[in-house]
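Accompanying notes for the structure given below.
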Ligand code: PMP
């Protein structure tokens, strides 16, 4: 009998590579390269290690490419929990709830004092869209449509949809996709290393004051929310300067602006606390999260709000009073089932503590590299989320050519060390190496990563 799918052939690695080359459209890359280079196919993972289809082993310092697999690969108990849940009740959407959903919402909000409501979705972009829609609806319902603008920051990223790109501070990611949604307004970044004359004592407050200037220019009664990453991730690991967050919160309160923190990357221990914002003692109104929720074992995201935000959707005298939104796959139970196990593992293995300890270790090791290589202009980060900004000249801070930055990443890959670089999205400033290994990383793992980077820099920059 003729068959459209030849299972035997599809066990052959060569055939898989060819099928991929012929039919898969890869994310985030000029696919023409696959005319001459084989696509990389990752087939197995355990702990911090992954193996590709050619059998080559790698140490993964970017948790699945984009900082997602916080608990590491091959966790059977997560797979077991998902399996058990799927055979019992895989999915039901609409207005119904689920057992893992209820359990997870309670467990999650217990770790986020001041927040109490969880809206389930399945990607970071989608969670952010939910937040934007909430802000818009609050504007229509409670402010006569006025407080509808959403502020976002230069260099931050909030997702791939048109609305998320409208709130995107990375030029090249946006360049081909306009026109964008109206009502999104940019505020300046807070990278002191690139702040020119503004840098120096008191910079944190000055950087936050720059947000207030935008608010006053636009009119505070037109602004509904300020959406920020706690630490700008793909935009170059920008750890906000001292005094920044306190002032940001003060400004939001002063002008009745909701503070929306995008924890898609920084959540779930990446910086050493459950959430990045918890490093700064601030109290957001809306928090979105995705990658680390189920650590890549299932697709789930959450938009978490205060009870005060939730209460603004309770007018049952108005047909448009509730949040008229749905996420079809927000009804998948695999997400919260996996997320509950991920949370248990994170606590049982003290991965938050390990992120803090190993983050400090990695930071120290990168500083040692900086002593050795003049092309490292600055090392910055928090927990197991570290960056090294590369420069052609330390005194002028001229960024290292992107070609060389990419060559360093490629050299590491050839050595079996997977690292990242800022998102090829900010013309002239895609020059930060990124490190975000799983939170189980040991000193030995990190030594291996840093040794790889050391050798790569030596070869590429000299
Ligand atoms: N927010 C931030 C801070 C991100 O880094 C990303 C993705 N890298 C997103 C949102 C979008 O998440 P997703 O790709 O799951 O839509």
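Since residue 450 meets every condition but one in (1) crowded, with 17+ Cβ neighbours inside 10 Å; (2) out of contact with any strand residue (DSSP E or B) (no Cβ under 6 Å at 6 or more places or on another chain); (3) modelled with pLDDT under 95, which condition does it not meet?
(3) is the only condition that residue 450 fails.
Within the group 348, 307, which residue is under 29 Å from residue 61 (Cβ atoms) and over 22 Å from the mean Cα position of the chain (by Cα)?
348
Please specify each residue of the stretch 131-148 satisfying the condition of being surrounded by fewer than 23 Cβ atoms within 10 Å (Cβ to Cβ) and touching a strand residue (DSSP E or B) at 6+ places or on another chain (Cβ under 8 Å).
Within the stretch 131-148, 136, 138, 139, 143, 148 qualify.
Just to verify a result, which residue in the stretch 118-129, among those that are within 16 Å of the ligand (Cβ to nearest atom) and in a strand (DSSP E or B), is nearest to residue 305 (Cα to Cα)?
Out of the qualifying residues, it is 119.
Looking at the structure I just gave you, is residue 290 in contact (Cβ under 8 Å) with a residue 24 or more places away in the chain, more than 17 Å from residue 225 (Cβ to Cβ) and within 13 Å of the chain's Cα centre (by Cα)?
The answer is yes for residue 290.
Looking at the structure I just gave you, is residue 155 over 23 Å from residue 282 (Cβ atoms), assigned by TED's automatic domain parsing to the domain that holds residue 259 and in contact with a strand residue (DSSP E or B) (Cβ under 8 Å, 6 or more places away or on another chain)?
no
Being surrounded by fewer than 20 Cβ atoms within 10 Å (Cβ to Cβ) and touching a strand residue (DSSP E or B) at 6+ places or on another chain (Cβ under 6 Å) is the requirement here; does residue 387 meet it?
So residue 387 does not fit the description; no.
For the stretch 435-442, does any single residue satisfy the condition of being in a strand (DSSP E or B) and buried (at least 23 other Cβ atoms within 10 Å of the Cβ)?
yes
Would you confirm, using the coordinates I've provided, whether residue 329 is within 16 Å of the ligand (Cβ to nearest atom), outside any loop (DSSP other than H, G, I, E, B) and closer than 19 Å to residue 159 by Cα?
The answer is yes for residue 329.
Pull out all pairs, ordered by first then second residue, where Cβ-Cβ is under 9 Å, the residues are six or more apart or on different chains, the first lies in the stretch 241-266 and is in contact (Cβ under 8 Å) with a residue 60 or more places away in the chain and farther than 19 Å from residue 289 by Cβ, and the second is within 16 Å of the ligand (Cβ to nearest atom) and not in a helix (DSSP H, G or I).
The qualifying pairs are 257/151; 257/225; 257/226.
Within the stretch 324-344, does at least one residue satisfy the condition of being farther than 30 Å from residue 78 by Cβ and not assigned by TED's automatic domain parsing to the domain that holds residue 454?
Yes, the conditions are met somewhere in the stretch 324-344.
Tell me which of these residue 227 doesn't satisfy, since it passes every other one: (1) under 30 Å from residue 397 (Cα atoms); (2) more than 12 Å from the ligand (Cβ to nearest atom); (3) in a strand (DSSP E or B).
(2)
Would you confirm, using the coordinates I've provided, whether residue 152 is within 16 Å of the ligand (Cβ to nearest atom) and either more than 22 Å from the chain's Cα centre (by Cα) or within 30 Å of residue 337 (Cα to Cα) (or both)?
no
Restricting attention to the stretch 375-428, which residues are in a loop (DSSP other than H, G, I, E, B), at pLDDT 95 or above and in contact with a helix residue (DSSP H, G or I) (Cβ under 8 Å, 6 or more places away or on another chain)?
375, 382, 383, 384, 385, 397, 415, 416, 419
Check the stretch 201-213 and report whether any residue there is free of Cβ contacts under 8 Å to residues at least 40 places away in the same chain and under 23 Å from the mean Cα position of the chain (by Cα).
Yes, because at least one residue in the stretch 201-213 is free of Cβ contacts under 8 Å to residues at least 40 places away in the same chain and under 23 Å from the mean Cα position of the chain (by Cα).
What is the residue count in the stretch 161-178 for residues that are surrounded by 16 or more Cβ atoms within 10 Å (Cβ to Cβ) and either more than 15 Å from the ligand (Cβ to nearest atom) or part of a loop (DSSP other than H, G, I, E, B) (or both)?
Adding up the residues that qualify gives 5.
Checking the condition within 25 Å of residue 321 (Cβ to Cβ) and away from the ligand (no atom under 16 Å from the Cβ), which residue from 83, 136, 77 passes?
Of the residues listed, the single one that is within 25 Å of residue 321 (Cβ to Cβ) and away from the ligand (no atom under 16 Å from the Cβ) is 136.
Does residue 309 count as within 12 Å of the ligand (Cβ to nearest atom) and buried (at least 17 other Cβ atoms within 10 Å of the Cβ)?
no
The values are calculated or read from the model by the stated rules, or taken from the named source; none is laboratory data. Please read all numbers here as calculations on a predicted model, not as lab measurements. Backbone-built Cβ (ideal geometry, glycine too); neighbour counts: all protein chains shown.
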